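The values are calculated or read from the model by the stated rules, or taken from the named source; none is laboratory data. For clarity, every value in this text was computed on a predicted model and none was experimentally measured. Cβ sites come from the backbone with ideal geometry, for glycine too, and all protein chains shown count toward neighbours. For accessibility, only protein heavy atoms count, side chains too; no ligands or nucleic acids. Shrake-Rupley method; radii C 1.70, N 1.55, O 1.52, S 1.80 Å.
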Amino acid sequence: MEALIPVINKLQDVFNTVGADVIQLPQIAVVGTQSSGKSSVLESLVGRDLLPRGTGIVTRRPLILQLVHVDPEDHRKTADENGLEVEEWGKFLHTKNKVYTEFDEIRQEIENETERVSGSNKGISDEPIHLKIFSPHVVNLTLVDLPGITKVPVGDQPKDIEIQIRDLILKYISNPNCIILAVTAANTDMATSEALKVAREVDPDGRRTLAVVTKLDLMDAGTDAMDVLMGRVIPVKLGLIGVVNRSQLDINNKKSVADSIRDEYAFLQKKYPSLANRNGTKYLARTLNRLLMHHIRDCLPELKTRINVLAAQYQSLLSSYGEPVEDKSATLLQLITKFAAEYCNTIEGTAKYIETAELCGGARICYIFHETFGRTLESVDPLGGLTTIDVLTAIRNATGPRPALFVPEVSFELLVKRQIKRLEEPSLRCVELVHEEMQRIIQHCSNYSTQELLRFPKLHDAIVEVVTSLLRKRLPITNDMVHNLVAIELAYINTKHPDFADACGLMNNNIDEQRRNRMRELPAAVPRDKSLKGPSGQAPPSSEPPAPTEQEGAKGEPETSTGTWRGMLKRGDEAPAEDKARLQAPLPASPQKGHAINLLDVPVPVTRKLSAREQRDCEVIERLIKSYFLIVRKNIQDSVPKAVMHFLVNHVKDSLQSELVGQLYKSGLLDDLLTESEDMAQRRSEASDMLKALQKASQVIAEIREIHLW
């Protein structure tokens, strides 16, 4: 089991080479307040002075310290600058293969690297320093020294320094594979321990928290830490271990760590003889080593699963980046062909990547045809924008100077063309919507279907330009065709259309039936011709009209009929006095006597009550317009989608491949089009390095099975 920690160290080295933190490896994080003795505990575990010391905040960057035990008889020792073999040495990750044999140099390098990143204003940084110590006097451990918890900013520290340090500590101890080493000074109340408080936030059950009580020799006279060390004050599942640190005077006097450990042992034997064998720095080192090994053993199955999953993900990512281009001609033709195929498949609905959030490609074109365009046409009122006065005016204008006996056909054609013209705008809008969707398909194919194009931004831009240009060329042709479809309907009003002829026949029958119904509803005593009234305005006693005189018969029309101008004049002479007064009243704008009459000054009534014939003529025209408009609308609703498919969609599908090949497949463009983006090569290299690291990590874990340590 002792070999488990070197396995984790190997894994740490593997992932350090790629600068990745994708795997949370088992480690021990040291947490405590400032000046609680964290650094002294670490130095005691190492056995050498290697950490910066001082007042206030000294540890301002996480220090990941890997202790590697080497056999004293092992010949893999390193040599110092003078070529002499040394037993202990250190290496930093950021200095690559440089070996430090002097621990004063290691301490100075830690200070320099801290100031390089965190500055000299007591600020902190979450970028860790990786240090590996090789020594025959250490046990295999991986420790993380974190900045001490503080409350009040000092010097040039930011006001939120407490929050920054707290977040940094939580970042490391929240790792479920991390053992928390909570350091608390013995001369403070354990109930106020900030280290234990922070540890309980992420480890409420205390399954991975070990408490260390420092400065046992600095407690007030007459007091001891017996209750604390026995776990009677605050119980901790992994236990509490007391240690004695070197004082600042000891450090100034260059007291060695070995001498300090001997003095610590003597102090424990004197003050806590019953607990001496379960406290002290050596016992702490053995306990941490044991806890870490058991913790690693418990974490390995999940760790192996995590590594395998990440390896599969990075393999897929590396495949998406593609291999470096060797045959540029074949690669270019392959990419062009694949894009054209994916573009057509998206229209047909057979693409590999189907959008689930919204309609796309051919499905959206279908929606435009049958929902957007269809409903828009159905919402167009056949008589919209057409008033009764407009219809009546058209009828009158079509008759010229002569009153018409029948409704003129010219007025129907004039008005129905005006209504049919209203179908052109939604038809052209349909073309525009389909064109926009064809443009969106380009982006869809680039994002989902042909990720290889992302490797070559210039090729991607060139393909987009060619397809956009092709769509732009087809747009006016399609618009002209749709415009012609409406113009064709306007060119010839086919009143012999079967549907229109049937509608006209049915409408005439309805009009005749309505006229007969109105005649039947008249009372028997009322003459059917309302104009046949006597001089006094009363109807004659007989329902039959009086027989005409010879003179009237010779002229062929009765003088009392309202259908002739003679009858209208006679009625005016025989009208009652009040009617004569009303008829003889001057026009509203009549000029004074002796002045010329300007007919343009006579006001034209905007609205008035229509006569029965005018109303009947307007109804006939409106019904004819509605009937014929519905026929044309049905034709347009059917023919416009067909025209758009033929002149735009299908033409682009059929000619896209040849257009792309003709425009882009040229020897002079190969090098330029297949130039990768600046970061693509770097991302491929990073993904490749990470994949190799994960594969190597998987091999390292597999070694555990071979030595039966699983």
**In the range 376-416, the residues that are of a type in the set (Gly, Ala, Ser) and under 16 Å from Tyr628 (Cβ atoms)** = Gly384, Ala394, Ser411
**Asked** From Gly322, Gly362, which residue is open to solvent by less than 20 Å² (accessible area, probe 1.4 Å), modelled with pLDDT under 85, under 30 Å from Leu660 (Cβ atoms) and out of contact with any strand residue (DSSP E or B) (no Cβ under 7 Å at 6 or more places or on another chain)?
**Response** Gly322
**Message:** Considering only the range 155-170, I want to know if a residue exists there that is exposed (fewer than 14 other Cβ atoms within 10 Å of the Cβ) and either more than 41 Å from the chain's Cα centre (by Cα) or in contact (Cβ under 8 Å) with a residue 60 or more places away in the chain (or both).
**Reply:** yes
**Request:** Return the only residue of Val183, Val198, Val154 being more than 30 Å from Leu303 (Cβ to Cβ) and among the β-branched types (Val, Ile, Thr).
**Result:** Val154
**Odd one out for Gln334 among (1) farther than 28 Å from Val144 by Cβ; (2) touching a residue at least 12 places away in the same chain (Cβ under 8 Å)** = (2)
**Prompt:** List pairs: first in the range 667-678 and outside any helix (DSSP H, G or I), second β-branched (Val, Ile, Thr) and modelled with pLDDT under 80, Cβ under 9 Å, 6+ apart or cross-chain?
**Reply:** Leu674/Val325; Glu676/Val325
**Asked** Within the range 372-383, is even one residue at pLDDT 85 or above, assigned to a loop (DSSP other than H, G, I, E, B) and in contact with a Leu (Cβ under 8 Å, 6 or more places away or on another chain)?
**Response** yes
**Asked** So is Val228 touching a residue at least 24 places away in the same chain (Cβ under 8 Å), crowded, with 20+ Cβ neighbours inside 10 Å and either in a strand (DSSP E or B) or not hydrophobic (A, V, I, L, M, F, W, C) (or both) or not?
**Response** no
**The listed residue being in contact with a strand residue (DSSP E or B) (Cβ under 8 Å, 6 or more places away or on another chain), of a type in the set (Gly, Ala, Ser), open to solvent by less than 50 Å² (accessible area, probe 1.4 Å) and within 20 Å of Val257 (Cα to Cα), out of Ala185, Ala195, Ala199** = Ala185
**Request:** Report the residue count in the range 384-417 for those that are of a type in the set (A, V, I, L, M, F, W, C) and assigned to a helix (DSSP H, G or I).
**Result:** 11
**Complete:** Within the range 233-266, residues among the small types (Gly, Ala, Ser), closer than 15 Å to Val213 by Cα and buried (at least 19 other Cβ atoms within 10 Å of the Cβ) come out as Gly242
**Message:** Take Tyr367 and tell me if it is modelled with pLDDT of 90 or more, of a type in the set (Phe, Trp, Tyr) and open to solvent by 60 Å² or more (accessible area, probe 1.4 Å).
**Reply:** yes
**Message:** I'd like to check something: does the range 9-25 contain any residue that is buried (at least 18 other Cβ atoms within 10 Å of the Cβ) and either of a type in the set (Gly, Ala, Ser) or modelled with pLDDT of 70 or more (or both)?
**Reply:** yes
**Asked** Right, Val410: open to solvent by 10 Å² or more (accessible area, probe 1.4 Å), in contact with a helix residue (DSSP H, G or I) (Cβ under 7 Å, 6 or more places away or on another chain) and either of a type in the set (Phe, Trp, Tyr) or within 25 Å of Val632 (Cβ to Cβ) (or both) or not?
**Response** yes
**Asked** Any residue in the range 638-650 that is outside any helix (DSSP H, G or I) and touching a Leu at 6+ places or on another chain (Cβ under 9 Å)?
**Response** no
**Message:** Can you find a residue that is within 27 Å of Glu436 (Cβ to Cβ), open to solvent by 70 Å² or more (accessible area, probe 1.4 Å) and not hydroxyl-bearing (Ser, Thr, Tyr) anywhere in the range 667-684?
**Reply:** no
**Complete:** Of those in the range 105-115 that are surrounded by fewer than 19 Cβ atoms within 10 Å (Cβ to Cβ), free of Cβ contacts under 8 Å to residues at least 24 places away in the same chain and charged (D, E, K, R), the residue nearest to Trp89 (Cα to Cα) is Glu105
**Request:** State whether one or more residues within the range 332-351 are open to solvent by less than 40 Å² (accessible area, probe 1.4 Å), outside any helix (DSSP H, G or I), at pLDDT below 80 and at negative phi.
**Result:** yes
**Request:** Sort through Arg306, Arg297, Arg246 and tell me the only one that's modelled with pLDDT under 85 and not in a helix (DSSP H, G or I).
**Result:** Arg246
**Message:** Within the range 612-630, does at least one residue satisfy the condition of being open to solvent by 50 Å² or more (accessible area, probe 1.4 Å) and under 32 Å from the mean Cα position of the chain (by Cα)?
**Reply:** no
**Message:** Restricting to the range 415-431, and then to whatever is of a type in the set (D, E, K, R) and touching a residue at least 40 places away in the same chain (Cβ under 8 Å), can you tell me which residue is least open to solvent (accessible area, probe 1.4 Å)?
**Reply:** Glu424
**Message:** Looking only at the range 366-417, count every residue that is more than 30 Å from Lys642 (Cβ to Cβ) and of a type outside the set (A, V, I, L, M, F, W, C) and tell me the total.
**Reply:** 14
